[in-house]
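Let me begin by presenting the structure, written as structure tokens, before commenting on it.
Please treat every number below as a calculation from the coordinates, not as lab data. All figures in this text were calculated on a predicted structure; none of them were measured in a lab. No Cβ is skipped: glycine too gets one built from the backbone with ideal geometry, and neighbour counts run over all protein chains shown.
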């Protein structure tokens, strides 16, 4: 009789451990998919002929009428790059958010964050971290962040629009 009980307990434990290992494999597979998504979302910038036109305009002073549209593009590029350089973000934002949402929250792969309220951002961060909102990249990035770090991110991101406006008024 005792042998039968021990055998039954062994079978139950074996089944339970198999189910548990299946769950672990499933989580590991999710993490692999997150890494693949992050790797696929890497942005590469290709050299273009505009770079040559801009370089030529910088050396010639850009006085040629045939380059009026290029002049406008150069001015816009200079203004944009000046704004980007003057716009400081925390290392927390830079490491976790900027690759998808942009240096100033303007949106690249991820949606635009600039102009959003702290409450909106914090609510979304919490929902992504808890899994209420499904996004494996966000879920993976937020898992190791504390409530305090989420709050800091929300506070910082909510100031982007005002910072951007201040930098562009100069």
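Return the distance in nm (one decimal) between the two label points of a simple spin-label model at residue 11 and residue 149, each offset 7 Å from Cα along Cα→Cβ.
With each label placed 7 Å out from Cα toward Cβ, I get 4.7 nm.
Restricting things to alpha carbons, tell me how big the range 89-170 is in terms of Rg and Dmax, in Å.
For the range 89-170, the Cα-based Rg and Dmax read 12.3, 42 Å.
Expressed in nm to one decimal, what extension gain is obtained for the pair residue 28 and residue 123 from 0.36 nm per residue of sequence separation less their Cα-Cα distance?
Separation in residues times 0.36 nm, less the Cα-Cα distance, equals 31.5 nm.
What relative contact order, as a whole-number percentage, does the range 89-170 give when Cα pairs under 8 Å and 6 or more residues apart are counted?
30
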